[in-house]
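See below for the structure under consideration.
Read-outs throughout are calculated quantities, based only on the coordinates presented, and are distinct from any laboratory measurement. These numbers were taken from a predicted model, which means no experiment stands behind them. Please note: Cβ atoms are built from the backbone with ideal geometry, for glycine as well, and neighbour counts cover all protein chains shown.
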Amino acid sequence: MYFRTPSISTMDYQYKEIEKKWQDFWAENQTYKVENNSEKPKYYVLDMFPYPSGAGLHVGHPLGYIASDIFARYKRLKGFNVLHPMGYDSFGLPAEQYAIQTGQHPALTTEQNISTYRRQLDQIGFSFDWSREVRTSDPEYYKWTQWIFMQLFNSWYNLEAEKAEPIEALVKRFEVTGSAGIKAVSDEDVLSFSAEEWNSFSESQKQEELLKYRLTYLKESTVNWCAALGTVLANDEVKDGVSERGGYPVEQKKMMQWSMRITAYADRLLQGLDTIDWPEPLKEMQRNWIGKSTGASVVFPLENGGGSIEVFTTRVDTIFGVSFLVIAPEHELVTSLTTSEQKEEIESYISQTKKKSELDRMADTKTVSGAFTGSYALNPLDGTKIPVWIADYVLAGYGTGAVMAVPSGDQRDFLFAKHFNLPIIQILDGQQDIEHQADPTKEGKYINSGFINGLTHQEAIPALISKLEELNAGKAKIQYRMRDAIFGRQRYWGEPVPVYFKDGLPHLIEESELPLLLPEVDKYLPTETGEPPLGRATDWKYNGEASYELSTMPGWAGSSWYWYRYMASAEDRKETAFAPKTVIEYWKDVDLYIGGSEHATGHLLYSRFWNKFLKDLGYVVEEEPFKKLINQGMIQGRSNFVYRVLDEEGKGTNRFVSYNLKDEYKTTPLHVDVNIVENDVLDLDRFKKFRAEFENAEFILENGKYVCGVEVEKMSKSKFNVVNPDDIIERYGADTLRLYEMFLGPLEQSKPWNTNGIEGVFKFLRKFWKLFHNDKFELSISDEEPTKAEYKALHKIIRKVEEDIERFSFNTSVSSFMICVNELQELKCNKRKILQDLVIVLAPYAPHITEELWSLLGNRSGALSYAQYPKFNPDYLVEDEFAYPISVNGKMRMNLNISLTLEAADIEKLVLSNEDVQKYLDGKNPKKVVVVKGRIVNIVI
RNA sequence: GCUCGGGUGGUGGAACUGGUAGACACGCAGGACUUAAAAUCCUGUGACCCUUAAAGGUCGUGCGGGUUCGAUUCCCGCCCCGAGUACCA
């Protein structure tokens, strides 16, 4: 027997002292500092880093971090060299909005917010290697974000090689063979020129042309302009026609903007999804966002010569069913197509459309509207005259902004044709009921369709494509929904773009001049002339003369490569690369990434894009950055309500009625701070202090208690339902918080925060503590050989936790820990051979209490984190008997203990001869007896 | 509308490949200890029926069907909730 006197252990479980002690120990001893060279296999566990907001962490934020920390700690025990870093996505709008209101520099608020976050994170006992922290707003970091921007500027996408290449390679080809034979992803308006012509271009002509090929480029394009935020927004930052942050209106506006040629990677981004282990809904969202459709582009010549309308269609086989063309009201040909008779009608329709906001236009998809231009196009295959209409159901931004309308096959075209009385032509004998609705079928043989009459869908498509190619009137085409990403923001708190302007053309600054620091400004608002805030910086010129780009980079810039910066240790960061090549070759990619699904089409798509680009240039080694990804569910708020009694006039009194009695009164519900409610029972004294007006409140109680109402809502201050992890830790400790967040349910499911069950988890830890101590709370450990039952309890949990962690089922291991401790308590087990292994198994979940017990057991402090996970021995679980459930006609009737050495035939005999079974048989012979060894017996009568 | 999740006790949830539905925990009820309270421990707890009790029976995983010796799990049809997306030609 071991006894230990003074110190923490002579008392009940003292989580506060224990947790403080070990958090300090880990920090002082740099327990979780990772080396970049190791004999061990690597494992990279990454969390989506937070934006450090002023509100601090609430109880929902750490959910994913706890899961990833358990995983990281588990992998260490399993002998992996684990990279588990944390940092801050510290550029962003809220700090800047705050700066605008208060004049305080965003760097300052950001710094303060970060220290709050850090304090809160440290309290939870994460095993992060803080020596590798990154902050996207740190010049030492954004230097490399700017550097990557420069690489993009200096690259083009070669479709033959299917990868990005240095722009010099393109220049060389222009110099030797001109533009002929170049297959590149570029703007549409690229010039055709010979080598001689290229060589005779002026420098600025050359630069202008190259800009059309660069992977980041400046171009006049239609952007989402948000006046309230004073900036453009990317498509993924606009939701339902309003800004995602703040919900301000967004309008379409033409502006000169930096863009990223992400469309060059559309197909690789799509293909890559098949190679990574991500949640299916997330992959689906990315597929939809990329929106690949295979079809054909067809050119319809105009009747009066001079020009044509190009359309994109996925059903070129329906071309003989086209009875009109529709172009978007914004289409560039609208003016020239409009005849003088139709001018008034068209103009009134366009002004009508403009008045409709984006939101109305999306909401109202039922009403059919449009106007006839007065002009006709010709079907390129048979010369049929086809009227050209405009309508707002055709979007300017997709395809060519023009469609060929086939009313018999497309419901929208059908409605339009019915409304304006246009012909509906059947094209397949398989189409049904086209008097009443369109039938998009591909079944049957073509009719009314010229040379494809009698063909099937399969046969018609290639025949049409080759015919169209022959006539020079169309070709097969693949269309993507995804657009190039706008990359500039007219804001202050972001990375400056390392570009200056000379003769109206952009030029990169020298690499040696990085980082281009964010200049000081007097105010964080646009200038009087409407330029972005950087326009306020005085004397901010390149070489004292040339203007810098005044936009800054968008929020996603810094987060599109940060996982590589973590690979670089503090020493590595002195080197001249974002991370040393050897280090990137060691860590390669992220093995497990945990974060929210809200980043599906933003961060996760841009990161994959930049990763592929960096790989093309040879800076990184993997095509996909995040091998496995898990979405943690959202933790919603759980609001509590009190019910204020109303008097006859409907005015609020100072009486409050308990939830189940409220229907007997006229009441109005009132949010009450969830922190003064426990298990939905209101703490009356604290309620009286909650607000001055409640000081003399009276209560109508049920069973002596005031029961509150409950509703699930978003966690927010105004609903008084925010639960701060600090409060939970104060009351129960970090280990309880960690276990409880996992115990709440499956990681990926969204669920409301509800502290109702937290006591059970806390009790479990106290029981666990007691296993090591006697009634006087003195350490009491036995070196005796454990019994079979004790070994069995231990080895059950060893295996269970392994299985659970590998499938990210953290909630079920917590239950199993409880079962194990209950069993050991029952067995009064205090044997070292059992408890020490149990300490290791529990360590990833509850690192503080286990460290304390580990050292109380006489082990070296801190060594627990790198201990060896106990080896599961199935021998301990072997049973010689099993209580077979005996079913009769599928209904479980009883259990019979039968030796597991018996085979099916013997079991059957044994069961049928049993007295109780005989009762069910009632003298009859069973029709069939199913025996599954070790599982079940089913008797069919 | 389309796509993807999900419907299990009073509550959170468990049941991993078709094999004892409701583990574990909360809550609730009763009891022990205590002058008392807290803490702790013990017992019970899906619904209904029968019974003094022991025991027993019927129903039961959103609804309706199917496959199977056996279905929360597989198949078909429907209802409800949540998320994403939306005139994408």
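Before moving on, here are some points about what is shown:
- Listed cross-link partners A:LYS40/A:LYS792; A:LYS16/A:LYS796; A:LYS143/A:LYS163; A:LYS751/A:LYS891; A:LYS581/A:LYS628; A:LYS239/A:LYS717 are compared with a 28 Å cut-off, the Cα-Cα value being larger for A:LYS40/A:LYS792; A:LYS16/A:LYS796; A:LYS751/A:LYS891.
- Model label points for A:THR294 and A:LYS705, set 7 angstrom from Cα along the Cα-to-Cβ axis, are 6.3 nm apart.
- Loop sites in region A:768-804: GluC sites (Glu not before Pro), DSSP, at most 13 other Cβ within 10 Å: A:GLU784
- Estimated FRET transfer efficiency when R0 is 51 angstrom, pair A:SER38-A:SER547 (beta carbons, to 0.05): 0.55
- Computed from Cα atoms, the angle from the helix A:603-616 axis to the main principal axis of chain A rounds to 70 degrees.
- With Cα atoms, 0 to 90° folded angle of helix A:15-29 axis to chain A main axis: 60
- Extension gain for the segment A:LYS354 to A:ASN421, taken as residue separation times 0.36 nm less the Cα-Cα distance, is 21.6 nm to one decimal.
- Shown here for region A:724-815: trypsin sites (Lys or Arg not before Pro) in loop regions (DSSP other than H, G, I, E, B) with at most 15 other Cβ atoms within 10 Å, namely A:LYS776, A:ARG807.
- The modelled label-to-label distance between A:THR275 and A:GLU520, using points 7 Å beyond Cα along the C-beta direction, is 4.9 nm.
- Positive contributions from Lys and Arg (+1) and negative ones from Asp and Glu (-1), summed over other residues with Cβ under 10 Å from the Cβ of A:ASP647, come out at +1.
- The calculated FRET efficiency for A:LYS689 paired with A:ARG731, based on their beta-carbon distance and R0 = 22 Å, is about 0.75.
- Net charge over other residues, Cβ less than 10 angstrom from the Cβ of A:GLY558 (K, R count +1; D, E count -1): -1
- Efficiency of FRET from Cβ geometry, A:ASP267 and A:GLU513, R₀ 30 Å, rounded to 0.05: 0.25
- Amide N proximity, region A:667-708 versus A:LEU661 label position 7 Å along Cα-to-Cβ, cut-off under 11 Å: A:699-707
- Each 10 Å bin from 0 upward holds the following percent of the Cα-Cα pairs of chain A: 2, 9, 15, 17, 17, 16, 13, 8, 4, 1, 0.
- Listed residue pairs exceeding 19 Å between alpha carbons, taken from A:LYS292/A:LYS477; A:LYS172/A:LYS206; A:LYS183/A:LYS467: A:LYS183/A:LYS467
- Label point of A:LEU617 set 7 angstrom out along Cα-Cβ; within region A:545-580, amide nitrogens under 12 Å from it belong to A:578.
- Stretchable slack from A:LYS212 to A:LYS927, in nm (0.36 nm times residue separation minus alpha-carbon distance): 249.4 nm
- Whole-number percent relative contact order across region A:637-713, with pairs defined as alpha carbons under 8 Å at least 6 apart: 42
- In region A:407-480, GluC sites (Glu not before Pro) in a DSSP loop with at most 12 other beta-carbon atoms within 10 Å: A:GLU435, A:GLU443
- Net length available on complete extension from A:ARG807 to A:GLU203 is 211.6 nm, with 0.36 nm assigned per residue and the Cα-Cα distance removed.
- For chain A, the longest principal axis of the alpha carbon atoms and the long axis of helix A:810-826 meet at an angle near 0°.
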